[in-house]
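Report on the following structure.
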Amino acid sequence: MSVDGDGTEDAGWEVDPEDEQGAAVLAALGRQLRAWREEAGMRAADFGVAIGYGEDLVRKVESGKRIPRPEYLDRTDEALNAGGKISAMKADTEQVRYPKQVRDLAKLEQKTVELSAYRNHNIHGLLQTEGYARALFEMWQPPQTAQEVERGLAARTARRSIFERSPAPTLCFVQEEVTLRRRIGGTMVMRTQLAHLLEVAEMRQVTLQIMPTDLEEHAGMGGLMQILKFADGSAVARSEGAFGGRPVSDPRRLRILEHRHAMIRSQALTPRESVAFIEQVLGET
C-alpha cells in the first residue's frame, strides 16, 4: 500500500482524469465530507489526526482528487458522529473506484442472460483466479503503478459476482490450448488456475471448451471475441478482428460474429473432452 505526502497510510485510489462521470461523483462526495467536517468545527489537519491520515490526503479526498477507501469513510463517520450517514457513501465509491471501461463492461455482464466468449492469449477475466489476474496486471507494459494493479485486480474480482446471480445467465467460454500451458505467474499460480477452471466447468450454467493447437482449421484467427445477449432480445458483441474492434449491436453484424463463434465452438473439443484435457495439462504442470 502506498503512502501520502505526510508519510501516513494512503486511504484511496487516484482518480482517472478521463472518467467524467466518476469525477462528478467524487466531487459531490468531497463537498459533503468537507461540509460535515466544517460543521463539526474541525480543521483538515486536526481531522486527519483524528482519523489517522495526513492533512494532504484529507484535502485530496474533499477536493475529489482521491477515491476514499471504505475504511476511510468508516473512520470519518465515527469521528464526526454521523450515525452511519457517511459510511453509507461507500456505495457511491464502490463502482467509481474501478476504471470506467471496466465499470461499463461489468454493467453489461450483470444484465446479460447469455455470454459467449473466446480467448486466445490468456484466461478470460471471469475465469481468472486472483493470483493469475495479479500476475497479468504486474507484467503489463509499460508497468502499472501498485495502485493501478490493485484497482484493476479489485475490479476484475468484483465481476465474478455474475456466477452468483439468480436466475443464472448461460456462460460459454472457449479457451485456446496455449492459455492453459503458458505458466502465467509461475507453476503454482497456474496449477491453482487450472484447478479453478475444473471447478467452474462443473457449474450447470457454464460450458467450457478448449481449442487444441494442432487444429488445421480455425475460425477464431481474428482474435478474442465476446457476445452478450439480454432479456429484451438485444445483444452487443465485439471481436478484435472485425469491424475495427468496436462493439456492434446491429443484427447484420451480430449474425456475422455469432456465426464465427458457433464455428469456433464446433471446432473446439467438446465440454467433456475439454475437462479431460484440462486435467491432463494440470497433471503435466
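One table, with the values for the structure above:
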quantity	calculated
Nearest-ten-degree value, helix 20-39 long axis tilted from longest Cα axis of the chain	30
List 173, 277, ordered by accessible area with a 1.4 Å probe, largest first	277, 173
Max mean-square fluctuation residue, GNM over the chain, Cα-Cα springs under 10 Å, options 21, 205, 110	21
Unit charges at the beta carbon, dipole of the chain: most positive-side option, 110, 30, 267	267
The chain, dipole about Cα centre (Lys/Arg Cβ +1, Asp/Glu Cβ -1), debye to the nearest 20	760
Calculated log₁₀ intensity ratio I(q)/I(0) where the Debye formula runs over C-alpha points of the stretch 120-260, q = 0.12, 0.13, 0.14 Å⁻¹	-0.58, -0.68, -0.79
Convex hull per residue volume in Å³, alpha carbons only, for the chain	154
Reach of residue 60 by Cα under 19 Å, taken over lysines that are not fewer than 8 positions away in the same chain	90
Total formal charge among the other residues, if their Cβ is under 14 angstrom from that of residue 133, Lys/Arg +1 and Asp/Glu -1	+2
Heavy-atom accessible area ranking, 1.4 Å probe, most first, across 36, 140	140, 36
Subset of 85/111; 65/111; 65/85; 65/229 violating a 26 Å alpha-carbon distance limit	85/111; 65/111; 65/229
GluC sites (Glu not before Pro) within the stretch 185-263: DSSP coil, no more than 10 neighbouring Cβ in 10 Å	202, 216, 217
Dmax and Rg, reported as Rg then Dmax, of the stretch 205-260 (C-alpha, Å)	12.7, 40
Radius ratio Rg over Rh of the stretch 61-194, counting only Cα atoms, Kirkwood formula for Rh	1.04
Accessible-area order (highest first, 1.4 angstrom probe) of the listed residues 49, 149, 275	49, 275, 149
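The values are calculated or read from the model by the stated rules, or taken from the named source; none is laboratory data. It should be emphasised that the depicted structure is a prediction, and the values quoted were computed from it without experimental measurement. Neighbour counts run over all protein chains shown; Cβ positions are idealised from the backbone, glycine included. All accessible areas refer to the heavy atoms of the entire protein, side chains included, with ligands and DNA or RNA removed. Shrake-Rupley method; radii C 1.70, N 1.55, O 1.52, S 1.80 Å.
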